[in-house]
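A.B. asks: Below is a structure I'd like to ask you about.
Just so it is clear, none of the values below were taken in a lab; they were calculated from the coordinates. The structure displayed is predicted, hence computed values, not measured ones. As a convention, Cβ positions derive from the backbone with ideal geometry for all residues, glycine included, and neighbour counts pool all protein chains shown.
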Amino acid sequence: MSRRTVNVIIVLYLIVVWAAVIFRIDRFPLTWVPMYSVYEPSETISAKVWDNNKYGKGILVTHRDGTTSYVSSKDLNIPKPNFRRLYYSRIFGSAPPKHKQGNTELGTMNRWVRGLDEDEPNFSVDWEWRMFWTLNKTLRHEPSDQKFIVQMEADYQRRIYRKADLLKGNISKVEIQTRKALMEWNDKWLPRWEHEQL
């Protein structure tokens, strides 16, 4: 292979890679995902406290007939790590990291390529609708059923440490916050019910 051919291959490779970087093409085979990571400076470090008793029971749900029960990973027939994302993230409206990264500081060229207006997110999901639709469809509850899920509740604790305290070796200073999530069914979603596919 001649030197000229090698130079052409390298130039073409760099054009393709830099086009992927400029347009932020995720899952592109020649780029590296961590270039999309987002660093936000903070004075604190926080960690969720896993409550295996609460998490093991599942999501507390209220049915149309007013009764309550728990929906667990076994009920939904999904692995525990997937259920953990539902319990600790999606019910709180938290999107996956890919969505957060994909919505961060999209440039003008990026917006133009994707057909996005100013301040329009690249990823946008109605997590309340998605949670109700997923749980009810999986459990085969229809909106007219008495066992149809109309409310979901979950909570967890978060321990917050100040970085300055940690640098001094003081781990006893901790703030504990309890976060609660409550989702309620909205009848305006009824027209969407039959059109979505599981």
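A.B. asks: Let me make sure I get this right: for region 51-154, a, b and c are the square roots of the gyration tensor eigenvalues over alpha carbons, sorted descending. Under 1.5 in a/c it's rounded, otherwise prolate if a/b > b/c, else oblate. Which is it?
C.D. replies: The shape class here is prolate.
A.B. asks: Is there a pair in Lys137/Lys188; Lys54/Lys137; Lys48/Lys180 whose C-alpha atoms are over 21 Å apart, and which pairs would that be?
C.D. replies: The pairs that break the limit, which is 21 Å between Cα atoms, are Lys54/Lys137.
A.B. asks: While we're looking at this one, here's another question. In nm, to one decimal, how far is the Lys180 label point from the Asp126 one, both placed 7 Å along Cα→Cβ?
C.D. replies: The answer from the label model is 2.6 nm.
A.B. asks: Still on this model: Count charges around Ser73 for me, please; just the other residues with Cβ under 12 Å from its Cβ, Lys/Arg as +1, Asp/Glu as -1.
C.D. replies: +4
A.B. asks: Let's test the formula: R0 of 30 Å, r as the Cβ-Cβ distance of Asp155 and Glu43. What FRET efficiency results, to the nearest 0.05?
C.D. replies: Approximately 0.75, to the nearest 0.05.
A.B. asks: Would you mind checking which residues have amide H under 5 Å from Val150's amide H? H placed 1.01 Å from N; only 5 or more apart, or other chain.
C.D. replies: Placed amide hydrogens put Thr62, His63, Arg64 under 5 Å from Val150.
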